Amino acid sequence: MGLMKEADSMNGKIIGILAILIGIWQIAIAQKMYQDIRRTVKQPKLTIFFGVTVCLIIGVIFLMVGGSLLR
């Protein structure tokens, strides 16, 4: 029974690390999107920034889930 708990704990840590990496990647993509929009689009629509905001929120959620799995 103890071996199964260790395996579950290890799987949780791996998933946590992956979630953190995905969160960091998602935030980096949102930042790049925002910079590209500001640089190239003359009159950006509000929905574009809504998409960037959602991208950031998803990144933060992944970071929080990953951090909680590593506890």
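Looking at region 1-17, I want the residues that are within 8 Å of LEU70 (Cα to Cα) and of a type in the set (Phe, Trp, Tyr) and have a partner that is surrounded by 10 or more Cβ atoms within 10 Å (Cβ to Cβ) and at pLDDT below 80 with Cβ atoms under 7 Å, at least 6 apart or on another chain. Which pairs are those? Every condition considered, no pair remains.
Contact map, region 47-71: first residue touching a residue at least 12 places away in the same chain (Cβ under 8 Å) and surrounded by fewer than 17 Cβ atoms within 10 Å (Cβ to Cβ), second residue of a type in the set (Asp, Glu) and assigned to a helix (DSSP H, G or I), Cβ cut-off under 6 Å, separation 6 or more or different chains; the map is empty.
The values are calculated or read from the model by the stated rules, or taken from the named source; none is laboratory data. What you see is a predicted model; the values in this text were computed from it and never measured. Reconstructed Cβ throughout: ideal geometry from the backbone, glycine too, with neighbour counts over all protein chains shown.
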